[in-house]
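This report refers to the structure that appears directly beneath it.
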Amino acid sequence: MNKKILTSLSLVPLIIFGVTGTLSSSSVDAAGVGTIDIETRPAPLEPERAHKQLTKQIVDQVKLNHFSRQKPLNDEVSEILFERFLERLDPRKNFFLKSDIKEFEPHKNLFDDYLKSGKLDVAFEIFNRIQKREFDRFTWVLKRLSRGINSFDLDTNDVLRLDRDEQGTWLANKSEANKLWEKYLVDEIIRSQLRDPEEDPIEFLTRTYTQALSREVQTISEDAYSAYMNSFSTYYDPHTEYLNPRESDNFDIQMSLSLFGIGAILEQGPVDGYIEIRELIKGCPAEKTEGVEEGDRIVGVGQRKDAPIIDIRGKRLDQVVTLIRGPKDTTVFLELLSSDDAGNERKFVQIVRDECKIESSAAQKKIVELDPDPVTGEVRKIGVIDLPSMYVDFDAQGEGEENYRSATRDVEQLIDELKEEGIVGLIIDLRRNGGGSLAEANTLTGLFIPFGPTVQVKNARGQVIKLQDRDNKVAWGGPLAVLVDRRSASASEIFAGAIQDYGRGIILGNRTYGKGTVQTLQTLSHGKLKITQSKFYRVSGQSTQNKGVVPDIEFPELIDPQNIGESNNDEALKFDIIDRVSRKHDPLIGTLLPRLTELHRDRIADNPHFRFYDALEARIKRDRDRETRSLNFEARERERNDYEDWRIRTENELLATEGYEPVETMSELRDTRDEIVEDREENGVPDALLIESAEIIIDFLELKDEVTASNDTETTGI
């Protein structure tokens with residue numbers, strides 16, 4: 001069985017041909033609102049022929065190979081799986097009625113037997129029921145909206161509970177459901193009016209729920225099956241998942257940073273259901289083809305010049321992706337509607353598919369230039385390598401290709417380029433790095449240490465394997481910092497933890513995600529299974545599971561840890577510690593850390609960016625425990641005005657330090673922020689956290705020189 005070892009997949013964003021967005025209707029009425037026949041209910045879904053045997057295969061693999069083998073599959077677990085399946089389908093308890101739950105309860109102790117035997121009819125019956133409830137509810141919403149905005153009470157003193165998923169129970173009946181959804185609609189109308197007073201909220205919501213109805217009609221059996229099987233697999237831990245064939249393809253694309261197709265990022269149009277070309281990837285076939293422009297809407301797709309073009313309006317994005325993607329050197333024929341304002345020009349283009357490199361997800365470099373050295377007068381340059389994931393082309397590697405793509409190889413090349421540019425320090429930016437290949441975490445660590453263990457991996461039998469860097473080659477031996485945040489997970493935590501345990505670099509930022517498990521990707525008869533088979537531990541013996549990596553110097557926390565992190569996941573494996581392994585630890589950073597921290601705090605005390613970050617962090621904490629939201633328009637308007645006044649006042653202080661005129665409205669603030677971001681991207685200007693990270697490296701260099709000079713004095717007796 002083909003296996004690919006990784007530390008994270010669910011935390012690495014998956015790419016579907018660069019497709020994002022939602023499904024929507026394919027027709028438009030006179031008002032520009034998507035329409036659908038609300039009497040056309042989605043047909044009941046049934047299991048595919050392959051699903052029964054596949055179910056038994058997945059169950060056997062999880063029971064035999066998961067790290068937590070001790071978890072049984074019995075009647076007690078069956079009840080848990082039953083409840084998890086219902087919660088997966090209706091997490092906020094907005095659709096199912098108590099009568100539905102009562103009807104299905106006789107099956108709650110039988111789910112273990114159903115899984116073992118591959119029996120799927122009950123699971124599909126439950127899935128079909130949620131589809132019916134959703135379709136009926138969205139139909140009710142459209143009819144309710146048709147009564148107009150004046151039929152809604154926006155002066156009520158009622159509130160909407162924000163924690164219904166935790167506090168709510170299943171809806172007693174349709175009358176209770178109607179009352180709850182009346183609140184939802186009032187809330188959405190208020191939000192729409194506060195967001196854009198010029199937009200008709202009824203028209204906007206009608207489009208939104210028409211699209212939701214369209215999605216119901218386009219649901220397929222694989223959607224139902226995936227929901228059911230992942231209710232089972234994630235009971236063992238959050239990262240054990242069944243990947244259907246399309247998701248499996250997406251994984252391969254994400255890890256290899258390449259695909260065979262035309263190289264375009266697509267999204268569903270917000271109004272008319274057309275699939276639009278949002279972005280053309282530089283250097284790829286679509287970008288090189290005359291007549292293809294960003295904003296064009298795809299009407300049809302053809303595979304041969306002498307065959308008819310298939311009308312794809314209203315189809316699911318993944319279905320369209322399948323039609324467009326294909327082998328290298330084959331041709332796809334597209335019928336497009338022009339992106340021009342008139343939107344009436346129809347174009348026919350043919351594009352030869354080719355391999356397309358997704359460079360936007362690859363390692364990138366930049367340089368932070370600080371004030372000149374007071375002794376030499378030279379500008380001090382700190383290199384930065386932004387690494388979005390621990391990627392590797394598994395297939396090319398497995399086939400023995402000499403120049404296969406990997407994060408380690410790209411980083412090593414960028415380090416060589418930065419050294420030629422005269423850097424005196426290096427920052428590895430792992431913010432948003434959700435992980436990837438375990439082997440890449442090992443080899444990447446090896447770029448910064450002479451040799452030694454980098455991570456320990458313990459399997460279900462308790463056996464511990466130590467991954468090693470076995471050569472003396474070091475790509476960068478100078479001052480090093482690693483910048484992390486709450487989204488840094490898994491393989492990136494291995495790297496950050498190893499750098500910290502060796503005393504090789506300074507860890508900066510926020511406590512990381514806390515994912516300390518290793519998955520393998522196993523090929524099934526249909527799709528793949530990502531299964532947790534091991535836990536990894538730092539060379540210090542500590543697990544990162546639930547705890548993460550704690551930075552040496554912490555920055556303001558701009559991501560609420562209660563919203564992201566392993567410890568927030570149901571069934572997350574526990575934190576534990578194993579024996580440490582011997583390694584050569586450099587104590588210098590630990591010795592200098594108190595002084596480095598003091599210098600950092602002194603510097604940011606007068607830093608306008610950090611004052612702004614501190615204010616945002618305090619605001620996040622203040623709003624964290626809010627349980628209700630008012631459904632009174634005037635009250636919400638006051639809340640909005642209070643927030644906007646605070647935001648504008650706070651940001652104006654920051655804008656003034658950057659040479660920008662103060663703004664008076666949120667619209668002006670957004671425009672100014674967009675201008676700043678665009679200017680920084682065009683000119684390679686680093687953000688404030690990177691600049692401060694670079695300053696800390698300079699502090700380290702200067703303090704290190706002081707220590708070296710002091711030691712030399714003691715040695716020579718001068």
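Straightening the chain between GLU634 and SER361 buys 93.8 nm, computed as 0.36 nm per residue apart minus the Cα-Cα spacing. Summed over all non-identical Cα pairs, the Kirkwood treatment of the range 506-638 gives a radius of 18.9 Å.
Going through [x] 31.5, 101; [y] 26.7, 80; [z] 27.8, 94, the figure that equals Rg and Dmax of the Cα atoms in Å as computed for the structure here is [z]. In this structure, the residue pairs whose Cα-Cα separation is over 24 Å, taken from LYS116/LYS547; LYS305/LYS357; LYS143/LYS179; LYS288/LYS347; LYS93/LYS183, are LYS116/LYS547; LYS305/LYS357.
Taking the range 538-587, how much of its Cα-Cα pair set, in percent, is spaced more than 16 angstrom apart? The partial results should precede the final answer.
On the way: 697 of 1225 pairs.
More than 16 Å apart: 57 percent of the Cα pairs in the range 538-587.
Convex hull of alpha carbon positions in the range 200-271: directionally averaged projected area 7.4 nm². Across the range 504-511, computed HN-Hα scalar couplings (Karplus, 6.51 cos²θ - 1.76 cosθ + 1.60, θ = phi - 60°) run 7, x, 9, 8, 10, x, 10, 4 Hz from first to last residue, x flagging Gly and Pro. Protein-only accessible surface at a 1.4 angstrom probe places the residues SER710, SER525 in the order SER525, SER710, largest first.
Label point of ARG670 set 7 angstrom out along Cα-Cβ; within the range 185-226, amide nitrogens under 17 Å from it belong to 189-201, 204-205. Across the range 572-589, computed HN-Hα scalar couplings (Karplus, 6.51 cos²θ - 1.76 cosθ + 1.60, θ = phi - 60°) run 4, 5, 7, 6, 7, 10, 10, 5, 6, 10, 5, 7, 8, 9, 8, x, 4, 4 Hz from first to last residue, x flagging Gly and Pro. Note on the range 48-138: semi-axes of the ellipsoid equivalent to its C-alpha gyration tensor, largest first and rounded to whole Å, are 26, 15, 12. The alpha carbon centroids of the range 382-397 and the range 214-238 are separated by 31 Å. For the range 222-257, there are no residues whose amide N sits under 15 Å from a probe point set 7 Å from the Cα of GLN53 along the beta carbon direction. On the principal axes of its alpha carbon atoms, the range 432-565 extends 48, 40, 25 Å, with the longest extent given first.
Would you mind calculating the gained length between TRP646 and ARG191 on full extension (0.36 nm times residue separation, minus the Cα-Cα distance), in nm to one decimal?
On the way: separation 455, 0.36 × 455 = 163.80 nm, distance 1.88 nm.
Additional length available on full extension: 161.9 nm.
When you restrict to C-alpha pairs under 8 Å that are six or more residues apart and normalise by the size of the range 217-313, the relative contact order lands at 15 percent.
Show me the GluC sites (Glu not before Pro) within the range 230-310 that DSSP assigns to loop and that have at most 11 other Cβ atoms within 10 Å of their Cβ.
GLU290
Across q = 0.10, 0.16, 0.22 Å⁻¹, the range 155-279 modelled as identical point scatterers on its alpha-carbon atoms has Debye log10 I(q)/I(0) values of -0.59, -1.21, -1.27, in the order of the q list.
Among beta bridges from DSSP that stay inside the chain, the antiparallel ones total about 80%.
Using a Förster distance of 25 Å, how high is the FRET efficiency between GLU290 and GLU681, based on the Cβ-Cβ distance and rounded to 0.05? Display every interim value, and only then the final one.
Values: r = 27 Å, r/R0 = 1.09.
The formula returns an efficiency of 0.35 here.
For the chain, what's the relative contact order in percent, using C-alpha pairs closer than 8 Å and at least 6 residues apart? Working shown, then result.
Working: 1332 pairs, mean separation 110.4, N = 718.
Reported relative contact order: 15 percent.
Checking the a/c ratio against 1.5 first, then a/b against b/c, what shape does the Cα gyration tensor give for the range 219-374? Oblate, since a/c reaches 1.5 and b/c is not below a/b.
Run the numbers for GLU653 and GLN319: contour at 0.36 nm per residue of separation, minus the present Cα-Cα distance, in nm.
So the chain would gain 115.3 nm between GLU653 and GLN319.
Sorted from longest to shortest, the spans of the Cα atoms of the range 101-232 along the three principal axes equal 56, 30, 22 Å.
Annotation: the antiparallel percentage among DSSP beta bridges lying fully within the range 303-430 is about 75.
TRP646 contributes about 40 Å² of solvent-accessible surface, heavy atoms of the protein only, 1.4 Å probe.
Could you work out the per residue convex hull volume over the alpha carbons of the range 106-155, in cubic angstrom?
Details: hull volume 5.4 nm³, N = 50.
Taking only Cα atoms, the range 106-155 has a hull volume of 108 Å³ per residue.
Round to a whole number: what % of the accessible area of the chain belongs to carbon and sulfur, probe 1.4 Å?
Working: 15450 of 33160 Å².
Taking all protein chains in place, the chain shows 47 percent carbon and sulfur surface.
Sparse packing (at most 10 other Cβ atoms within 10 Å of the Cβ) combined with a DSSP loop state is found for the following GluC sites (Glu not before Pro) in the range 147-198: GLU198.
Distance between the 7 Å Cα→Cβ label points at ASP158 and ARG346: 4.8 nm.
Please report the relative contact order for the range 120-257, taking Cα pairs under 8 Å with a sequence separation of at least 6, and give it as a percent rounded to a whole number. Before the final figure, lay out the partial values.
On the way: 57 pairs, mean separation 40.3, N = 138.
This gives 29 percent for the range 120-257.
Per residue, the accessible area of the chain comes to 46 Å², computed with a 1.4 Å probe over protein heavy atoms only.
First check a/c for the range 85-169, with a ≥ b ≥ c the square roots of the eigenvalues of its C-alpha gyration tensor; if it is under 1.5, answer rounded, and if not, answer prolate when a/b is larger than b/c or oblate otherwise. Prolate, because a/c is 1.5 or more and a/b exceeds b/c.
Each residue of the range 407-413 is assigned a 3J(HN,Hα), and the resulting list reads 4, 4, 5, 5, 5, 4, 5 Hz, derived from the Karplus form 6.51 cos²θ - 1.76 cosθ + 1.60 (θ = phi - 60°), x at Gly and Pro.
Find the Rg to Rh ratio for the range 349-470, where Rh is the Kirkwood radius over alpha-carbon pairs and Rg uses the same atoms. Present the calculation step by step, with values, prior to reporting the outcome.
On the way: Rg = 18.3 Å, Rh = 17.0 Å.
Here the Rg-to-Rh quotient is 1.08.
Expressed as an acute angle from 0 to 90° and rounded to the nearest 10, what is the orientation of the C-alpha long axis of helix 221-236 relative to the principal long axis of the chain? Between helix and principal axis, roughly 50 degrees. In a DSSP loop and with at most 11 other Cβ atoms within 10 Å, the GluC sites (Glu not before Pro) in the range 356-451 are GLU378, GLU399, GLU401, GLU402, GLU421. Over the chain, DSSP H runs of length four or greater, each weighted -39,500 (n - 2.57), average out per residue to a 222 nm ellipticity of -13500 deg cm²/dmol. Under a 5 Å amide H cut-off, with hydrogens placed 1.01 Å from N, VAL518 pairs with GLN533, SER534, LYS535, PHE536 among residues at least 5 apart or on other chains. For the range 600-699, the extents of the C-alpha atoms along the principal axes are 53, 28, 20 Å, listed from largest to smallest.
Evaluate E = 1/(1 + (r/R0)^6) for GLU378 and TYR660, where r is the Cβ-Cβ distance and R0 equals 35 Å; express this FRET efficiency to the nearest 0.05.
Values: r = 31 Å, r/R0 = 0.88.
Calculated value: 0.70.
For ILE427, the residues whose modelled amide H falls within less than 5 Å of its own, excluding neighbours fewer than 5 places apart on the same chain, are GLY383, VAL384, ILE385, ALA481.
Helix 491-501 and the longest principal axis of the C-alpha atoms of the chain enclose an angle of approximately 20°.
Mean projected area of the convex hull spanned by the Cα atoms of the range 255-334, taken over all viewing directions: 5.7 nm².
The values are calculated or read from the model by the stated rules, or taken from the named source; none is laboratory data. Treat the numbers as computed from the prediction; the structure is a model and nothing was measured. Glycine gets a Cβ as well: all are built from the backbone with ideal geometry, and neighbour counts include every protein chain shown. The accessibility values were calculated without ligands, DNA or RNA, using every heavy atom of the protein model including side chains. Shrake-Rupley method; radii C 1.70, N 1.55, O 1.52, S 1.80 Å.
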